[in-house]
Amino acid sequence: GGIDGKVREGLTKEEKIAGYEYSNEMQTQIRTELVERHADFDNGGDSIGARSELERRLGEHNAKKFLESGVAGIPPHQTFDVKCIHAHVADHLCRSSGGSMDVDDENESVTRNGNIIGRKALQILQVQRGVPIHGSAVCWQQCDVNRDVQPGDWNYTPKKNRQGLRSTRLRRKERMMNFQSDDDGVENAKLDENSK
């Protein structure tokens, strides 16, 4: 199974609920603070104006949902399922003390310091799968957009969301076929005109 299944198995129901609740609370707080900070910079300290701008752009209902949503936009009270593991890992790295990647410290209060789901995912990657979670000498090659890919470079090809990738390819193929048939129609119309 995937990391998400291992995280589900590795945490008790109570740990997942506590971890989700706290992480979602923190995300709500962070989003609200960001809107207020935006007000300080762009609106002369007018947080009401910044919130109004958010409502203007998203609509009142969506602005409220945005500000109240948890990690990766998950509804704040959804504590029953582990989703978006990558977002929980990022949340853990951003909110833990100094971006803590120490997955062996069982005394760390993760529900109050980081993200318990993200921490568990890092622990599984490191301990069970042997992934160097602190990076390696070559992992940067995947992320450096200024680097020309070399044959021996390290590369990760995602295996998730195959259906989404297939659907995208099919849509592109259909668009190209429609585009080509439109071009053929234009060409045929020109030929008809020229034959008159």
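For residues in the range 114-133 being of a type outside the set (A, V, I, L, M), surrounded by 10 or more Cβ atoms within 10 Å (Cβ to Cβ) and more than 19 Å from the chain's Cα centre (by Cα), which is nearest to residue 12 (Cα to Cα)? Selected residue: 123. Considering the range 82-100, the residues that are in a loop (DSSP other than H, G, I, E, B) and open to solvent by 40 Å² or more (accessible area, probe 1.4 Å) include one that is modelled with the highest pLDDT, namely 84.
Among residues of the range 111-137 that are free of Cβ contacts under 8 Å to residues at least 12 places away in the same chain, those with a Cβ under 8 angstrom from a residue that is outside any loop (DSSP other than H, G, I, E, B), sequence gap 6+ or separate chain, pair up as 131/125; 132/126; 132/139.
With open to solvent by 90 Å² or more (accessible area, probe 1.4 Å), part of a helix (DSSP H, G or I), at pLDDT 85 or above and at negative phi as the only criterion, which of 37, 56, 31 stands out?
Values: 37 fails: at pLDDT 85 or above; 31 fails: open to solvent by 90 Å² or more (accessible area, probe 1.4 Å).
Answer to the check: 56.
The values are calculated or read from the model by the stated rules, or taken from the named source; none is laboratory data. Please read these numbers as outputs of a predicted model, since none were measured by experiment. Glycine also receives a Cβ, built like all others from the backbone with ideal geometry; neighbour counts cover every protein chain displayed. Just the protein is used for accessible areas: all its heavy atoms, side chains included, with ligands, DNA and RNA removed. Shrake-Rupley method; radii C 1.70, N 1.55, O 1.52, S 1.80 Å.
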